[in-house]
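Have a look at the structure below before the remarks.
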Amino acid sequence: MLPGKVPPEILSRIVFTHLGVLDSSVILGPRLGEDASLIQIDEHVIVVSTDPITGSKEDIGWLAVHVNANDVATFGVAPRWFLISILLPNGTTPEELGKIMEQIDNAAKTLNIAVVGGHSEITERIDRPIIVGFMMGITKKDQFVTSKGAQPGDALLMTKTAAIEGTAILANEGYETLTKTIDDRVIKAASKLREQISVVKDGVHAFGTGYVHAMHDPTEGGLAGGIHELCDASTLGFEVNYDKIPIATPTRLICEELQINPLELISSGTMIMSCSPENVESLITAMKSEGVDTTAIGSLTSDPKHRKMHIDGKTIDLERPTTDALWSGLRKINPT
């Protein structure tokens with residue numbers, strides 16, 4: 001298998017067939033295209049999700065909080081409680097661990113999240129820190145949306161721009177390499193995109209409008225992978241218009257330099273959502289009032305095999321990424 005998420009067919013065949021006992025309180029368990037699971041306790045539902053940080057050396061504590069918080073927010077629920085497992089390579093200093101914990105603390109305070117537990121250890125089996133987070137939120141019964149809630153004919157929308165997280169990671173990890181060919185100001189602007197990685201406001205406010213049927217957080221595999229995953233969950237197809245997809249100038253320039261596809265670059269910071277066509281403008285206006293730019297980029301179809309993109313006057317299949325473009329980009333900026 002290639003670096004990145006385990007392919008859907010292997011998840012379905014190997015992972016999803018080995019899930020322990022059935023529990024009636026689990027109202028949404030592991031499935032393709034869903035960012036978290038749902039556990040009902042009396043009149044409330046707990047949203048639980050886990051995600052690692054493996055592709056970045058910088059800001060990993062900060063990223064761990066935000067990436068896991070984003071998964072909970074795709075249900076329209078605010079994240080509240082966070083646990084973290086920190087694996088450190090041999091030789092890590094207390095000061096380096098302290099830096100990671102400061103990042104976790106600052107990010108958690110920004111989102112009003114309590115860090116309630118975790119684990120840390122030194123291991124000889126890795127050469128860089130690896131963090132795995134576990135986030136929880138709570139809501140009332142029926143006060144959430146899921147990826148499978150998308151409906152045929154829905155408009156497909158996205159917030160902000162594509163490949164936000166991947167652009168920031170490449171700018172931070174490859175500053176010395178990229179500034180040889182791209183203006184220093186562009187790379188600094190790319191690095192600042194990290195400030196847009198949270199989609200908690202996007203998800204909670206979008207749900208509050210009452211317009212959205214489904215939301216999804218496109219992480220590994222980028223926007224293209226995220227659209228496929230949302231349609232996997234809802235058993236739908238899609239048509240997207242490439243020219244309508246907002247791609248920030250720093251993202252475009254870095255991807256051109258590294259010869260990678262911005263639609264396949266990890267895209268935390270973007271929220272994909274669907275709503276009825278008649279509510280598109282109202283949703284865009286409501287999101288704008290909260291400072292979140294939102295763009296309609298296509299529509300959902302009833303045929304789950306119909307997964308198309310309009311580009312340069314042609315209609316092509318939008319292929320599911322087999323690996324995230326981040327890994328190719330990192331190899332090119334650091335070939336050793």
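Yes or no, residue by residue, for (1) surrounded by fewer than 22 Cβ atoms within 10 Å (Cβ to Cβ); (2) under 24 Å from Lys140 (Cα atoms):
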{"site": "Leu28", "(1), (2)": "yes, yes"}
{"site": "Glu34", "(1), (2)": "no, yes"}
{"site": "Ile39", "(1), (2)": "yes, yes"}
{"site": "Val45", "(1), (2)": "no, yes"}
{"site": "Ser49", "(1), (2)": "no, yes"}
{"site": "Ser56", "(1), (2)": "no, no"}
{"site": "Trp62", "(1), (2)": "no, no"}
{"site": "Ala69", "(1), (2)": "no, yes"}
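Restricting attention to region 296-303, does a residue exist that is assigned to a helix (DSSP H, G or I) and in contact (Cβ under 8 Å) with a residue 12 or more places away in the chain?
no
Quick one: would you say Gly153 is modelled with pLDDT of 95 or more, assigned to a loop (DSSP other than H, G, I, E, B), among the small types (Gly, Ala, Ser) and surrounded by fewer than 17 Cβ atoms within 10 Å (Cβ to Cβ)?
So Gly153 passes the test.
Taking the conditions exactly as written (in contact with a strand residue (DSSP E or B) (Cβ under 9 Å, 6 or more places away or on another chain), of a type outside the set (D, E, K, R), farther than 19 Å from Arg80 by Cβ and not assigned by TED's automatic domain parsing to the domain that holds Ser282), does Met101 satisfy them or not?
Against the criterion (in contact with a strand residue (DSSP E or B) (Cβ under 9 Å, 6 or more places away or on another chain), of a type outside the set (D, E, K, R), farther than 19 Å from Arg80 by Cβ and not assigned by TED's automatic domain parsing to the domain that holds Ser282), Met101 qualifies.
Give me a count of the residues in region 77-105 that are under 20 Å from the mean Cα position of the chain (by Cα) and surrounded by fewer than 23 Cβ atoms within 10 Å (Cβ to Cβ). Break it down into steps so the answer makes sense when it comes.
First, pick out the residues of region 77-105 that are under 20 Å from the mean Cα position of the chain (by Cα): 77-85, 103-104.
If we keep only those that are surrounded by fewer than 23 Cβ atoms within 10 Å (Cβ to Cβ) as well, we get 78, 80-81, 83, 85, 103.
Within region 77-105, residues that are under 20 Å from the mean Cα position of the chain (by Cα) and surrounded by fewer than 23 Cβ atoms within 10 Å (Cβ to Cβ) number 6.
Kindly indicate whether Gly4 is within 22 Å of Gly166 (Cβ to Cβ), at pLDDT below 95 and touching a His at 6+ places or on another chain (Cβ under 7 Å). I'd like the intermediate steps shown before the answer.
Working: within 22 Å of Gly166 (Cβ to Cβ): yes; at pLDDT below 95: yes; touching a His at 6+ places or on another chain (Cβ under 7 Å): no.
Spelling it out, it is not the case that Gly4 is within 22 Å of Gly166 (Cβ to Cβ), at pLDDT below 95 and touching a His at 6+ places or on another chain (Cβ under 7 Å).
Pick from Ala168, Ala190: which is more than 18 Å from Ala64 (Cα to Cα) and either touching a residue at least 12 places away in the same chain (Cβ under 8 Å) or among the charged types (D, E, K, R) (or both)?
Testing whether each residue is more than 18 Å from Ala64 (Cα to Cα) and either touching a residue at least 12 places away in the same chain (Cβ under 8 Å) or among the charged types (D, E, K, R) (or both) leaves just Ala190.
Please verify whether Thr179 is among the hydroxyl-bearing types (Ser, Thr, Tyr) and over 26 Å from Leu32 (Cβ atoms), treating the condition exactly as stated. Break it down into steps so the answer makes sense when it comes.
Working: among the hydroxyl-bearing types (Ser, Thr, Tyr): yes; over 26 Å from Leu32 (Cβ atoms): yes.
Considered against the rule, which asks whether it is among the hydroxyl-bearing types (Ser, Thr, Tyr) and over 26 Å from Leu32 (Cβ atoms), Thr179 comes out as yes.
Kindly provide the set of residues from region 1-26 that are on the phi < 0 side of the Ramachandran plot and surrounded by 13 or more Cβ atoms within 10 Å (Cβ to Cβ), ordered by number.
Pro3, Lys5, Pro7, Pro8, Leu11, Ser12, Phe16, Val26
Does Ser234 satisfy the condition of being closer than 21 Å to Pro304 by Cβ and of a type in the set (S, T, N, Q)?
Considered against the rule, which asks whether it is closer than 21 Å to Pro304 by Cβ and of a type in the set (S, T, N, Q), Ser234 comes out as yes.
Cβ-Cβ distance below 6 Å, separation of 6 or more or different chains: which pairs start in region 3-26 with a residue that is over 19 Å from Asp51 (Cα atoms) and end on one that is outside any helix (DSSP H, G or I) and modelled with pLDDT of 90 or more?
From residues that are over 19 Å from Asp51 (Cα atoms), the pairs are Ser25/Ile39; Ser25/Gln40; Val26/Ile39.
Would you mention how many residues in region 168-179 are part of a helix (DSSP H, G or I) and more than 22 Å from the chain's Cα centre (by Cα)?
4
The values are calculated or read from the model by the stated rules, or taken from the named source; none is laboratory data. Keep in mind it's a predicted model, so treat the numbers as computed, not measured. Note that each Cβ is placed from the backbone with ideal geometry, even for glycine, and that neighbours are counted across all protein chains shown.
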